[in-house]
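Asker: Could you have a look at this structure, given as structure tokens, before my questions?
The values are calculated or read from the model by the stated rules, or taken from the named source; none is laboratory data. What you see is a predicted model; the values in this text were computed from it and never measured. Positions of Cβ are generated from backbone atoms using ideal geometry, with glycine treated the same way; all protein chains shown enter the neighbour counts. For the accessible areas, the whole protein counts, side chains as well, though only heavy atoms, and no ligand, DNA or RNA atoms are used. Shrake-Rupley method; radii C 1.70, N 1.55, O 1.52, S 1.80 Å.
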Amino acid sequence: MLKIGAAKAKDLFRPRALAATAWERLAPRKVLRVTPGPQSDWFPKAAQKIFYESTYRVAEESNRMGIRLEGAPIEVSSGGEMISEGVSLGLFKCRRGGSPLFFFVEQQTTGGYPKIANVISADFHSLGQLRPRDEIRFERVDVEKARALLKEQEELMASKELFLE
């Protein structure tokens with residue numbers, strides 16, 4: 001038998017609010033930061049320019065496996081096929097002549113399409129907030145910047161300034 005005492009309501013719930021500065025830094029982004037993908041060099045400069053300068057719309061066919069995007073197609077210059085390889089969360093694949101699709105939380109484990117970019121870890125929370133018909137853009141960052149942004153986010157999440165008491 002488990003013995004428990006009377007609970008005091010004031011000990012069970014403390015009203016808290018997210019600090020305004022924290023909310024600004026954690027709010028869902030519509031400009032997702034990405035690093036170059038493993039086959040980004042398979043894409044001609046013109047295709048990369050289209051990818052980074054275009055606005056894409058989240059398609060109705062999106063789900064937890066992959067978020068399909070409608071917009072300017074991204075052409076791959078390599079004529080050859082590639083061997084299937086492991087994929088990660090937030091990775092953008094581009095099918096021949098098609099719009100990009102990025103892998104989400106229930107993605108397949110391998111894929112054989114070239115990958116132009118990968119959403120940085122610090123922006124993963126924004127992926128889960130996307131809905132059909134949302135418009136998004138992409139900003140290229142280098143790996144050092146991506147690591148710095150993730151470190152900054154982790155420090156914020158662990159800080160006492162995250163919530164107002």
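Asker: Anything in the stretch 42-75 that is within 17 Å of the chain's Cα centre (by Cα) and not hydroxyl-bearing (Ser, Thr, Tyr)? List them, or say none.
Answerer: If the condition is that a residue be within 17 Å of the chain's Cα centre (by Cα) and not hydroxyl-bearing (Ser, Thr, Tyr), then Phe51, Arg57, Val58, Ala59, Asn63, Arg64, Met65, Gly66, Ile67, Arg68, Leu69, Glu70 are the ones that fit.
Asker: Would you tally the residues in the stretch 113-138 being more than 16 Å from Arg64 (Cβ to Cβ), in a strand (DSSP E or B) and either touching a Pro at 6+ places or on another chain (Cβ under 8 Å) or open to solvent by less than 80 Å² (accessible area, probe 1.4 Å) (or both)?
Answerer: Final tally of qualifying residues: 6.
Asker: Pairs under 8 Å by beta carbon, first residue touching a residue at least 60 places away in the same chain (Cβ under 8 Å) in the stretch 145-165, partner exposed (fewer than 15 other Cβ atoms within 10 Å of the Cβ) and among the hydrophobic types (A, V, I, L, M, F, W, C), six or more apart or different chains?
Answerer: Leu162/Leu18; Phe163/Ala17; Phe163/Leu18; Leu164/Ala17; Leu164/Leu18
Asker: Given the options Val58, Val76, Val105, name the one that is at pLDDT below 75 and β-branched (Val, Ile, Thr).
Answerer: The match here is Val105.
Asker: Still on this structure, please answer the following. Criterion first (farther than 30 Å from Leu164 by Cα, at pLDDT below 90 and either charged (D, E, K, R) or within 13 Å of the chain's Cα centre (by Cα) (or both)) does Phe92 satisfy it?
Answerer: yes
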